[in-house]
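The values are calculated or read from the model by the stated rules, or taken from the named source; none is laboratory data. These numbers were taken from a predicted model, which means no experiment stands behind them. Please note: Cβ atoms are built from the backbone with ideal geometry, for glycine as well, and neighbour counts cover all protein chains shown. We work out accessible area using only protein heavy atoms, side chains counted, and drop any ligands, DNA or RNA first. Shrake-Rupley method; radii C 1.70, N 1.55, O 1.52, S 1.80 Å.
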Amino acid sequence: MDANVQQLQSFDDVPDTTITTPVAAIEGTKPNQSLLPPSAAKSQEKWQDIGEQVSQFLADLPDNLGKFFNQYQQLTVTIVLIAATIVTGKVVLAILDAINDIPLLYPIFELIGISYTTWFVFRYLLKGSTRQELAEQIQSIKNDILGTQDS
């Protein structure tokens, strides 16, 4: 076996197993004429046309997307923001559901929420003067965010 491996050290040493005899031409055909039946030839042409159309579409895709985005920029941004909001909401709900599955954590958060709500009601909502103070704080925050000053 080693002798066979040593003998075939280059591609020139490999015996030629290719067919060297020419294939006989079918009578009545031209040299480059397809040997497919007419229906298959039409089908092949249709597939070639479809392939060319797909290729042209993919070649023009970046330009078409740029034109579409420029024409419908505000609509596109709005749709993307709505989709991002939906995905964010689903992620937040999944996280909250995971937190609720942890033993004792759900009742602790519920107790904290009830305690804070009780404190907020007693601090800001029972008396008229504290309600006025809360309204002023809310207006101040609005002015800081919007950048407007109301006199």
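Being farther than 30 Å from LEU65 by Cβ and assigned to a helix (DSSP H, G or I) is not true of ILE86.
For the criterion of being modelled with pLDDT under 95 and either among the acidic types (Asp, Glu) or not in a helix (DSSP H, G or I) (or both), LYS30 passes. Screening THR117, THR78 for residues that are assigned to a helix (DSSP H, G or I), of a type in the set (Ser, Thr, Tyr), modelled with pLDDT of 90 or more and open to solvent by 70 Å² or more (accessible area, probe 1.4 Å) leaves exactly one candidate, THR117.
Screening GLU110 with (1) within 25 Å of LEU134 (Cβ to Cβ); (2) open to solvent by 100 Å² or more (accessible area, probe 1.4 Å); (3) of a type outside the set (Phe, Trp, Tyr) gives one miss only, at (2).
Residues that are assigned to a loop (DSSP other than H, G, I, E, B) and open to solvent by 100 Å² or more (accessible area, probe 1.4 Å) within region 120-150 comprise LEU126, LYS127, GLN149, ASP150, listed in sequence order.
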